[in-house]
Amino acid sequence: MTLTCYIRGVFICLMAFLGPSCSVRGQVSKIRELQMSLPAIRDSSNYVDVVNRISLLFYEQNADSTLYYALKARQIAYRNDYERGRADATNNLGVVFDIKGNIQLALRYYNDAYNQYVTLRDSSNIVQTLMNIGSVYNISGRHDKAQANYDRAMALGDRIEHDSITALVIYNYMLLYPQKFSSTRRRALIDRAYTIAEKYRDVRLELAIDQLRAAELIDTGQRGKGLAFLEETLNKALALELNYLSMDLLLDLGDHYIAEDRNRAIQFYNKALELAEQKNYRLYARDVCKKLYDYYASRKENAEAFIYSQKLLKLFEEQAEIDRVSGIDYIEYAVKDQQLASAELKSQYNAQMLTLAVAVCVLTLLSIVVLWRNWKLSKKTNRVLTMQFRQLESTTDALEQSNQNYARLIKILAHDLRNPIGGINALCSLLQDEDTTAGEAQQYVELIRESSTTCLHMISDLLQTDFDFKETELHKKPVDLPVFLDHAVTLLTFRAAEKNQKLILDDPSQAVVNADPDKLLRVLNNLIVNAIKFSPDGETIRVKMTESDKGITISVEDHGLGIPKEAIPNLFDPFTASRRPGTAGEQAFGLGLYISKQIVEAHGGKLWFKTEEGSGTTFYIFLPGENVDSLSPA
């Protein structure tokens, strides 16, 4: 099955809580009707239920309104000790942060809602929260935990009486992990889910299952019929304002058409991006921008690709800030909940002691009261410990993510310092040679000074900018390219000599480039060191510079191992698993090309390569004409 897996837990929540009788088109009028009914409600529990219903109805229209009513319902439910209302409000808060892309807080609230529904023995909502938790783990890449939660939801859903929730489990599990089911099993489950949707006259669920049915037609060779059915399903979902389901259908259609009808695919992607930006679906917007950027970049339509790269950068920066703030909010939330739980336990304990004091005069009742109270207290303590364990598990996941980010920064720093420090080491060895003249010694000392300065600049830059480079962070100045290239080649000639290799610089023409010399030197060092690393002993590595009306191109050519076909798609990814040792067993970190690409693109340029496995690789650095102050005459 080739479905694009973008479905989220919030779509599940809406159908599970609202039921099939609530028309999507009538949501706005239904919200107004419920809002007008609030002043006349006198029962606090009923009031909380209505507020929770308003909160969930708002989710397709305005997530901030969902947040406002969820917090209001939760506050009243706590004050009146209404556990079901508190559980529903907590789940609605998970929906809000799920929509907004804050998966840490979404997981936190979904876990709390799960614990509360377990206490209430509400099987349907237990299944629903297990699905939501599984969806969040899927988004964060924890597929083992995601599938474990979906397996539990499937097992429990088969045992409950109201089987509409089982259809939702089937739909979402098959959409996220189609590879878990054989073709025969898929068809049986799709038929079962659709029968359930028809039984409850659930239009939303029928459309969702139609998405699976369309994918099954495509996978079984009926592509034309499947795509037509998928577009028909999309039109129905848009007409009913089912925004989340429409997003998945738009992206699915774009993915199917991209190979055969690119203009049509782009239309679907643009419609999806427009809807995601309108509804503030941050994760969907990021995924659509990535698809559009990859498309235009592959066609070398740099202006369009730049637009979506900027959108992607902004979305990633916003997500980083959300993750940073949510880590703080998450810890504060956990502390406050622990304080609240302790206060509740203390209050219960005081009440029990008062009851015991009143009953102390009646010896016959004393033993019964004590035993009964102790039993109740132990049950509640066990529930609290279970909740604390789940909270600790969520906290551990957040800390693990933070540790991984710090480890990445350290690896980048170590990787970039290897080249200049290796050059310093080689130059020091030459200085110790008794045959070194005073002039050569002075030249070596100057190279050592420049390399150490480069090290200091690298450390400063990495501490300030992490591993994303922006044009505003560059320190540009005029760079004499022939002198610059000669300096870079001279510095690494000693590294090549260790493998009896020749590092040759073809006579470059005169040109001055407006660039950051330190960062440009890092790019050239990375490419030359890679050529040395993956070339056999005695090979020749050639550095060239060519001019054109559009700008300057610098190439680094080797005749080494070449790049395997399976490694090419991920070559510029940070921390790729495709790295391999050099011809002399040199260790590869998988970071150099990623960092180099960031720096070149920050200059407005482009980094690419040509390779043939077993015959060698040539990397090209292109700097556009606006960065070139002067060129030699043609």
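The values are calculated or read from the model by the stated rules, or taken from the named source; none is laboratory data. Remember, predicted model here, so these are calculated numbers, not experimental data. A quick note on method: Cβ atoms are made from the backbone with ideal geometry, for glycine too, and the neighbour counts reach across all protein chains shown.
Here is how the numbers come out for the structure above:
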read-out	value
Residue match in the stretch 63-79 (condition: assigned to a loop (DSSP other than H, G, I, E, B) and either surrounded by fewer than 23 Cβ atoms within 10 Å (Cβ to Cβ) or in contact (Cβ under 8 Å) with a residue 24 or more places away in the chain (or both))	no
Residue check, Arg42 at pLDDT 75 or above and not in a helix (DSSP H, G or I)	yes
Residues of the stretch 236-270 satisfying the condition of being surrounded by fewer than 16 Cβ atoms within 10 Å (Cβ to Cβ) and among the hydrophobic types (A, V, I, L, M, F, W, C)	Ala239, Ala259
Unmet requirement for Thr233, which otherwise passes all of (1) of a type in the set (Ser, Thr, Tyr); (2) at pLDDT 85 or above; (3) over 30 Å from Asn280 (Cα atoms)	(3)
Flag if Ala214 is assigned by TED's automatic domain parsing to the domain that holds Val136, crowded, with 19+ Cβ neighbours inside 10 Å, in a helix (DSSP H, G or I) and of a type outside the set (Phe, Trp, Tyr)	yes
Hits in the stretch 291-315 (condition: among the charged types (D, E, K, R) and within 12 Å of Leu251 (Cα to Cα))	Lys291
Members of the stretch 563-572 that are surrounded by 14 or more Cβ atoms within 10 Å (Cβ to Cβ) and in a loop (DSSP other than H, G, I, E, B)	Ile563, Leu571, Phe572
Per-region count, the stretch 173-186, residues out of contact with any Lys or Arg (no Cβ under 9 Å at 6 or more places or on another chain) and surrounded by 13 or more Cβ atoms within 10 Å (Cβ to Cβ)	6
Filter pass, Arg159 being farther than 17 Å from Met174 by Cβ and out of contact with any Lys or Arg (no Cβ under 9 Å at 6 or more places or on another chain)	yes
Filter result for Glu206 (surrounded by fewer than 22 Cβ atoms within 10 Å (Cβ to Cβ), touching a residue at least 60 places away in the same chain (Cβ under 8 Å) and either in a helix (DSSP H, G or I) or under 27 Å from the mean Cα position of the chain (by Cα) (or both))	no
Selected residue [at pLDDT below 85, closer than 22 Å to Met131 by Cα and either among the hydrophobic types (A, V, I, L, M, F, W, C) or in contact with a Phe, Trp or Tyr (Cβ under 8 Å, 6 or more places away or on another chain) (or both)] from Leu249, Leu207, Leu175	Leu175
Pair list, Cβ under 6 Å, 6 or more apart: the stretch 218-230 residue surrounded by 13 or more Cβ atoms within 10 Å (Cβ to Cβ), other residue among the small types (Gly, Ala, Ser)	Ile218/Gly226; Gly226/Ala214; Phe229/Ala214; Leu230/Ala214
Residue count, the stretch 493-535 (criterion: farther than 20 Å from Val479 by Cβ, of a type in the set (Lys, Arg) and crowded, with 17+ Cβ neighbours inside 10 Å)	3
The stretch 531-562, subset part of a loop (DSSP other than H, G, I, E, B) and touching a His at 6+ places or on another chain (Cβ under 9 Å), residue farthest from Gly592 (Cα to Cα)	Glu539
Residue count, the stretch 149-169 (criterion: at pLDDT below 85 and touching a helix residue (DSSP H, G or I) at 6+ places or on another chain (Cβ under 7 Å))	10
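Matching residues to (1) at pLDDT 90 or above; (2) of a type in the set (D, E, K, R):
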site	(1), (2)
Val445	no, no
Ile448	no, no
Ser452	no, no
Ser460	no, no
Gln464	no, no
Glu471	no, yes
Asp480	yes, yes
Asp486	yes, yes
Gln510	no, no
